[in-house]
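Input: a single structure, listed below in structure tokens.
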């Protein structure tokens, strides 16, 4: 079975976001929404065509994009696309936090075990931290879209959330080193 490289996966992950941003900058939120739906579906199809499977996280995101983006377009109501990040981040937070605290399991292991190795406790702690980070992103999205202009929200969605995620990821490196198997 053929695998996409890390760079190819990153490109497939970033293309819908870029399409959304460009659609908004050169059109409007409805065009941006149509483009993110199309680019997300194309990314999922490419992933499936190459790997003969689609990872759970992009699949869930794709379904939420299609449903909430579709509602945005069908009802001509931008609220649906604006709450999409809240829904996705809340779903991911719920799964990770229930796994970490309800089942005492680090569910991120299933997604990231290829990238690095951690002890079971390390996976649980990392999963819990990511769960709380997703709660933070969901709440932040709610504050931003309800308190600021659509222009600001689009920039936040594209650049602010990405920057927060990169910074949070980097901040987890000491934990990853601490719980790496000896």
Which of the residues belonging to region 96-119 are assigned to a helix (DSSP H, G or I) and more than 17 Å from residue 165 (Cβ to Cβ)? 97, 98, 99, 100, 101, 102, 109, 110
Tell me which helices (runs of 4 or more DSSP H) are completely within region 140-182 and hold 1 or more residues being over 19 Å from the mean Cα position of the chain (by Cα), or say none if there are none. 150-155, 173-178
Qualifying position, being surrounded by 15 or more Cβ atoms within 10 Å (Cβ to Cβ) and either out of contact with any strand residue (DSSP E or B) (no Cβ under 6 Å at 6 or more places or on another chain) or under 25 Å from residue 151 (Cα atoms) (or both), among 5, 47: 47
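Values in this text are rule-based calculations from the coordinates and carry no lab data. Here the structure is a predicted model, which is why all the values come from computation and not from measurement. When we count neighbours, we look across all protein chains shown, and the Cβ atoms used for this are built from the backbone with ideal geometry, even at glycine.
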